[in-house]
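Following: one structure in structure tokens, then a few remarks.
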Amino acid sequence: HVWESSMDQHSAPLFMTVSEVADIMRVSKMTVYRLIHSGEMPAIRVGKSFRVPESAVGQLIRAGLTDHIDERVAGING
């Protein structure tokens with residue numbers, strides 16, 4: 001592969017299918033499609049399918065955990 005010789009393989013973004021994202025997040029594929037169409041989850045279109053950057057999934061999960069912690073703290077303190 002020509003692109004592999006010019007790029008560090010570790011720096012190339014990894015992409016996941018909608019099904020893989022749904023499995024990791026323990027949600028339905030429809031929920032993932034809604035996140036993509038609302039702009040909350042970045043994705044690229046490959047033919048008729050979507051691919052989601054692995055890093056975006058991690059960021060969304062971390063953001064959700066942060067929101068959950070913030071809500072619990074507000075509930076305890078307020």
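The values are calculated or read from the model by the stated rules, or taken from the named source; none is laboratory data. Predicted model, so just to flag it, every value in this text is computed and none were measured. As a convention, Cβ positions derive from the backbone with ideal geometry for all residues, glycine included, and neighbour counts pool all protein chains shown. The accessibility values were calculated without ligands, DNA or RNA, using every heavy atom of the protein model including side chains. Shrake-Rupley method; radii C 1.70, N 1.55, O 1.52, S 1.80 Å.
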Of the conditions (1) at pLDDT 95 or above; (2) among the β-branched types (Val, Ile, Thr); (3) open to solvent by 60 Å² or more (accessible area, probe 1.4 Å), VAL52 clears all except one; give me its number. (3)
Residue count, the stretch 13-49 (criterion: among the β-branched types (Val, Ile, Thr), buried (at least 17 other Cβ atoms within 10 Å of the Cβ) and not in a helix (DSSP H, G or I)): 0
